[in-house]
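Below is one structure; the comments refer to it alone.
The values are calculated or read from the model by the stated rules, or taken from the named source; none is laboratory data. Quick caveat: nothing in here was measured; it's all calculated off a predicted structure. Positions of Cβ are generated from backbone atoms using ideal geometry, with glycine treated the same way; all protein chains shown enter the neighbour counts. Note: areas computed on protein heavy atoms with side chains; ligands, DNA, RNA excluded. Shrake-Rupley method; radii C 1.70, N 1.55, O 1.52, S 1.80 Å.
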Amino acid sequence: MNPDILFLFGGKPAAFSLYQQLEAQLLERYPDLRIKVAKTQVSFSNRYLFAAASLPRRKKEDHLIVTFGLGYQKISPRIFSSTEAARGRWTHHVAVKSAGEMDADLFGWLDEAYAFSAVK
């Protein structure tokens, strides 16, 4: 385990556990996955960045924020924020608060983001 990941999620055991589940499933789905750890997030990429995992802005909260990019705005009650970062490039943010939320919907969106990133 990368020590920078341990530092990023230090003191946030629930978020760290969710991150480990996310990373394991992404590595299983995408053998060519590249992972980059930064000060505030972990980025996942193939040819380009397609998703990221980070902590909520409120320091007291202990869950995971999963961010992914698509070529259009995805609408779902689970997506708490979406922004058109550039023309035809939408960034979406989902709060993942339990292992049950690591579901087919979330991974369907991540699959779509992975495919979108591979061809853009």
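Things worth noting here:
- Across LYS36/LYS97; LYS12/LYS59; LYS36/LYS74; LYS39/LYS60, pairs whose alpha-carbon gap is larger than 21 Å: LYS36/LYS97; LYS36/LYS74
- Here the accessible area of the chain is 54 percent carbon and sulfur, with a 1.4 angstrom probe and all protein chains present.
- Note on surface exposure: TYR114, TYR48, TYR30 rank TYR48, TYR114, TYR30 by accessible area, highest first, 1.4 Å probe.
- Using a Gaussian network model of the chain in which every pair of alpha carbons under 10 angstrom is joined by a spring, one finds that among PRO13, PRO56, PRO77 the greatest mean-square fluctuation is at PRO77.
- Look at the alpha carbon pairs under 8 Å that are at least 6 residues apart: their mean separation over the length of the chain gives a relative contact order of 23 percent.
- Here the gap between HIS63 and ASP103, fully extended at 0.36 nm per residue and compared with their Cα-Cα distance, gives a gain of 12.8 nm.
- Net charge dipole size for region 29-88 [Lys, Arg +1 and Asp, Glu -1 on Cβ; Debye, nearest 20]: 140 debye
- Region 1-37 and region 59-96 have Cα centres separated by 18 Å.
- With N the number of residues in region 73-120, Rg(Cα) / (2.2 N^0.38 Å) evaluates to 1.19.
- Each of LEU106, PRO3, TYR19 was placed along the dipole of the chain (beta-carbon charges, centred on the mean Cα), and the one lying farthest toward the positive end is PRO3.
- Taken per residue, the accessible surface of the chain reaches 58 Å², heavy atoms only and a 1.4 Å probe.
- Surface calculation, 1.4 Å probe, protein heavy atoms: ASP32 sits at approximately 90 Å² accessible.
- Rg over Rh for region 31-102 works out to 0.97, using Cα positions for both radii and the Kirkwood form for Rh.
- Rg to Rh, two decimals, where the chain supplies the alpha carbon set and Rh follows Kirkwood: 0.93
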